[in-house]
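Novice: Quick one: this structure, given as structure tokens, is what I'll be asking you about.
The values are calculated or read from the model by the stated rules, or taken from the named source; none is laboratory data. In this text, all values refer to a predicted model and were calculated from it rather than measured experimentally. Side chains included, ligands, DNA and RNA excluded: accessible areas come from the protein's heavy atoms. Shrake-Rupley method; radii C 1.70, N 1.55, O 1.52, S 1.80 Å.
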Amino acid sequence: MKKVIKAICCILAAVILVGGGYVAGQRAKQSSIVSALPKNILDMPKESNEPSESAEPESKPSEDVPEPKEDVRIINKSNESAVDSTWSTVESSSNTTDNGALTLYTSAQKDGDEFIWDDSQKWVLEVSDGNGGYYTLFDQNVSNGSVYYDVAENDNGTKNINVYVFTGAGTTIKQYTHTETGFSEKSVYESGAVNRVFTTIPSYK
């Protein structure tokens, strides 16, 4: 009986020794793997799905970007007219506004009551204030075309002078408005290059 008990104890002791050796071996194996890894890998921070507090927010386009201003030309008063006695009057100065008399001139000469039109001529629309002051609104050479104008009053009482330039290659419209220092000019319409087929706008004779 004693021999049987002694044999059982030996078997248990062997099992304990074998199990303990296996566990110690596994720990040593893990330790050797960790120690073999590069230091920069061991020191790497754990990944996080949370946004970094130091990260700067993406820049957004400004909502307060000002719109480009209109191209406006200011016309000041002059003590001299832009034309001389060699010019012809197309429309007389009987057309008046609150700021003076309007006169449309052309450099084309007249034969009696008819104009002698060239391929191009100069045109001037001028306001005379009656006190020796002149505002030269339109002053341009026009090829194969004519210049017209009208005066229109807005709902607020402001009067605008509109100048229409019609040529075989296109149409432009400029608008003139009286200001504290003179007149302002802005471009209202430009058709660009076109081939005019026909028009009902009358021609000057």
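Novice: Using only the heavy atoms of the protein chains and a 1.4 Å probe, how would D113, D139 rank by accessible area, largest first? List each step's numbers first, then the result.
Specialist: On the way: D113 135, D139 95 Å².
Largest to smallest exposure gives the sequence D113, D139.
Novice: Take R73, R196 and sort them by solvent-accessible surface of the protein heavy atoms, 1.4 Å probe, largest at the top.
Specialist: Working: R73 105, R196 80 Å².
The residues order as R73, R196, largest area first.
Novice: Along its three principal axes, how long is segment 72-113 when you only count alpha carbons? Whole Å, largest extent first please.
Specialist: The Cα atoms of segment 72-113 stretch 37, 21, 18 Å along the principal axes, largest first.
Novice: What figure, in Å² to the nearest 10, do you get for the accessible area of V72 with a 1.4 Å probe and non-protein molecules left out?
Specialist: About 70 Å², ignoring ligands and nucleic acids.
Novice: Can you bin every Cα-Cα distance in segment 110-198 into 5 Å intervals starting at zero and give me the percent of pairs per bin, rounded to whole numbers?
Specialist: 3, 11, 19, 22, 17, 14, 9, 4, 1
Novice: I'd like the Kirkwood hydrodynamic radius of segment 164-205, using the inverse of the mean 1/r over distinct C-alpha pairs, in Å.
Specialist: 12.2
Novice: A further question on this structure: Report, as a whole number in µm² per second, the diffusion coefficient that Stokes-Einstein gives for segment 134-180 at 20 °C and 1.002 mPa s using the Kirkwood radius over alpha carbon pairs.
Specialist: 179
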